[in-house]
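Below is one structure; the comments refer to it alone.
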Amino acid sequence: MDDKNLVRFSVKQFIDVFNQTIFYSYPKLIIIGEVTQMTISHQKWLYFSLKEGDSIINLFGGVNVLDFPVEEGMMVEVVCYPRLHDRYGLKLNVLSLSLIGEGSIKKSFDLLQEKLTKEGLFETSRKRIIKYPPQKIGVITSKDSAAYSDFIKIINQRFVGLEIIIKDVLVQGDQSSKTVIEAINYLNNIRSDLDVLVIMRGGGSAQDLQAFNSESLTRSVATSRIPTLVAIGHERDVSLAELAADLRASTPSNAAELLVPQKQEILDQLQLARQNLDQRLSYIFERETNYFNYIKSTLSSQLSNIFNQENNQLKFYKNLLQTLDPNLPLKRGYVLIKVNHQHISDFKSIKVNDILELESLNDLLQVEVKAKRIKND
């Protein structure tokens with residue numbers, strides 16, 4: 001080919017055309033490889049390479065893509081886009097990074113668990129008691145998932161009258177951790193009256209569940225003002241988000257079972273409580289009735305004694321009054337003698353010509369003393 005027919009570029013033009021061309025061809029791509037040569041600059045920028053055999057490529061991104069520990073030798077899956085930098089050459093700019101392979105995922109899990117354990121994030125003493133049963137439940141999960149269907153089914157079978165607020169989120173993929181954190185923050189700010197936040201998803205591979213082992217999501221669960229219950233995967237799966245939660249459930253169905261009792265259990269408990277109350281009230285009624293009868297009998301006896309005593313006393317005073325009645329002698333024919341309106345009991349003070357008042361039962365007489373002599377003279 002004649003060199004005269006080749007396209008000519010300045011350096012700047014070539015960089016712009018290359019980036020434009022590569023953008024339309026590969027606006028976003030995924031690269032899998034083994035991490036090597038990782039460095040962090042100014043706690044802000046992340047530089048590392050991916051290798052496969054003798055092949056190696058360089059990548060660049062912000063440290064925020066590291067939401068879990070990553071060490072050299074781990075296998076990762078990187079979402080990135082290629083760009084030709086005007087000073088540093090071809091760079092792959094990282095949008096997100098996730099671990100692949102059970103070995104890499106397990107090692108990263110252990111490293112982060114050790115770090116957060118030292119901080120006390122999983123301490124039992126910091127876990128709160130969840131209201132039982134809760135009246136208002138916030139659910140963070142995929143609304144179309146089997147996990148949500150199972151949870152609602154069990155809740156409705158066991159209990160009624162609950163308010164359930166669903167926040168639909170991604171539970172898998174590089175954006176899932178972010179959407180779950182946003183949902184936690186949203187419900188904490190908008191619905192702080194909720195009794196519990198239930199964060200859940202069904203089973204999957206270790207890579208599928210990776211979002212719930214991220215540092216940012218684990219911290220978000222731990223710092224939620226609303227108490228949290230987390231159920232991720234199957235019973236054998238344990239995520240860091242579950243360890244940080246106030247309560248962990250082995251499955252979404254188990255989460256429903258932990259939150260609310262069986263209706264029949266409540267009815268049985270109420271029936272038993274009613275029987276116990278009836279027995280208790282019957283015992284109290286019988287005891288108080290017997291006590292009342294005893295008090296009644298004792299009081300009646302005491303009142304009877306008091307009445308008899310007072311009655312006898314009354315009879316005594318009645319007889320005494322009758323005995324002392326001044327009219328009683330008058331009824332027998334005696335008279336009372338008064339001098340100057342004063343009763344007298346003998347004649348010593350009476351003189352001849354004194355005027356006496358004689359009082360019988362029904363009459364009064366005035367008489368004049370004509371003579372006076374001593375008795376038996």
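Since every read-out is calculated from the coordinates, none of them should be taken as a lab result. Just so you know, these numbers come straight off a predicted model, no measurement behind them. Here Cβ is always computed from backbone atoms with ideal geometry, including for glycine, and neighbour counts include all displayed protein chains.
If you take every residue apart from Phe48 with its C-beta less than 13 Å away from the C-beta of Phe48, what net charge results, scoring Lys and Arg +1 and Asp and Glu -1? Write out the running numbers ahead of the final one.
Working: positive: Lys51, Lys91; negative: Glu34, Glu71, Glu72.
So the surrounding residues net to -1.
Mind running the shape call on the stretch 262-322? Use the C-alpha gyration tensor, a ≥ b ≥ c as the square roots of the eigenvalues: rounded below 1.5 for a/c, prolate if a/b tops b/c, oblate otherwise. Could you put the intermediate results ahead of the total?
Values: a/c = 15.31, a/b = 8.09, b/c = 1.89.
Prolate, since a/c reaches 1.5 and a/b exceeds b/c.
Which value in Å is the Kirkwood Rh of the chain over different Cα pairs? Mind dumping the intermediate values first?
On the way: mean 1/r = 0.0329 Å⁻¹.
Mean inverse Cα-Cα distance, inverted, gives 30.4 Å.
Seen against the Cα atoms of the chain and their longest principal axis, helix 102-118 is set at about 40 degrees. Relative to the Cα centre, the charge distribution of the chain, modelled as +1 at Lys and Arg Cβ and -1 at Asp and Glu Cβ, gives a dipole magnitude of about 1980 debye.
What is the fewest-to-most order of Val63, Val7, Val35 by other Cβ atoms lying within 10 Å of their Cβ?
Numbers: Val63 13, Val7 7, Val35 21.
So the ranking, lowest neighbour count to highest, is Val7, Val63, Val35.
Computed extension gain for Tyr334 through Lys136, at 0.36 nm per residue and net of the alpha carbon distance, reaches 60.9 nm. Put simply, the amide H of Val139, placed in the peptide plane, has neighbours under 5 Å in Ile165, Ile166, Lys167, Val198, leaving out anything fewer than 5 places away on its chain. Near Ile100, the amide H atoms lying under 5 Å from its own belong to Met75, Val76, Glu77; only residues 5 or more places off or on other chains count, and H is placed 1.01 Å from N.
In order along the stretch 205-218, the phi-based Karplus estimate (6.51 cos²θ - 1.76 cosθ + 1.60, θ = phi - 60°) of 3J(HN,Hα) comes to 6, 4, 6, 4, 8, 4, 4, 8, 10, 6, 5, 5, 5, 4 Hz; Gly and Pro are listed as x. Between Ile31, Gly73, Gly61, the Cα set farthest toward the positive side of the dipole of the stretch 3-100 (charges on each charged residue's Cβ, about the Cα centre) is that of Gly61.
Listed highest first by mean packing, meaning other Cβ atoms within 10 Å per residue, what order do 95-101, 54-60 come in? All intermediate terms of the calculation are to be shown ahead of the outcome.
Numbers: 95-101: 19.3, 54-60: 13.7.
Put in order of decreasing packing, that is 95-101, 54-60.
A simple rule links phi to the HN-Hα coupling: the Karplus curve 6.51 cos²θ - 1.76 cosθ + 1.60 with θ = phi - 60°, which for the stretch 183-191 gives 5, 4, 5, 4, 5, 5, 7, 8, 10 Hz, with x for Gly and Pro.
Sum up the charges of everything whose Cβ sits under 13 Å from the Cβ of Leu243, counting Lys and Arg as +1 and Asp and Glu as -1, but leave Leu243 out. Walk me through the numbers before you get to the answer.
Numbers: positive: Lys115, Arg126, Lys127, Arg219, Arg248; negative: Asp110, Glu114, Glu119, Glu123, Glu215, Asp237, Glu242, Asp246.
Combined, the nearby Lys, Arg, Asp and Glu give -3.
Bridgeable lysines around Lys167 (alpha carbons under 18 Å apart, same-chain partners fewer than 8 residues away excluded): Lys136, Lys143, Lys153, Lys178.
For Leu95, the amide hydrogen comes within under 5 Å of the amide hydrogens of Val79, Cys80, Tyr81, counting only partners 5 or more places away or on other chains and with H modelled in the peptide plane.
Between Rg and the Kirkwood Rh of the stretch 328-368, both from Cα atoms, what is the Rg to Rh ratio? Before the final figure, lay out the partial values.
Working: Rg = 10.4 Å, Rh = 10.7 Å.
With Rh from the inverse mean 1/r over Cα pairs, Rg/Rh is 0.97.
Between Leu46, Gln322, Thr124, whose Cα lies farthest towards the positive end of the dipole of the chain when Lys and Arg beta carbons carry +1 and Asp and Glu beta carbons carry -1, centred on the Cα centre? Checked the options; the winner is Gln322. Using θ = phi - 60° in the Karplus curve 6.51 cos²θ - 1.76 cosθ + 1.60, the 3J(HN,Hα) couplings for the stretch 336-341 round to 9, 10, 10, 10, 6, 6 Hz; x is entered for Gly and Pro.
Taking square-rooted eigenvalues a ≥ b ≥ c of the alpha carbon gyration tensor, is the stretch 110-177 rounded, prolate or oblate, where a/c under 1.5 means rounded and, failing that, a/b exceeding b/c means prolate?
Cα axes put the stretch 110-177 in the oblate bin.
Count Lys and Arg as plus one, Asp and Glu as minus one, and take only other residues whose Cβ is under 13 Å from that of Asp195; the net charge is then +2.
Against the main long axis of the alpha-carbon atoms of the chain, helix 263-323 sits at an angle near 10°.
Please work out the C-alpha center-to-center distance from the stretch 301-377 to the stretch 83-158 and express it in whole Å. When both Cα centres are located, 117 Å separates them. Residue ranges 328-338, 172-182, 345-355 sort as 172-182, 328-338, 345-355 when ordered by packing (mean number of other C-beta atoms within 10 Å per residue, highest first).
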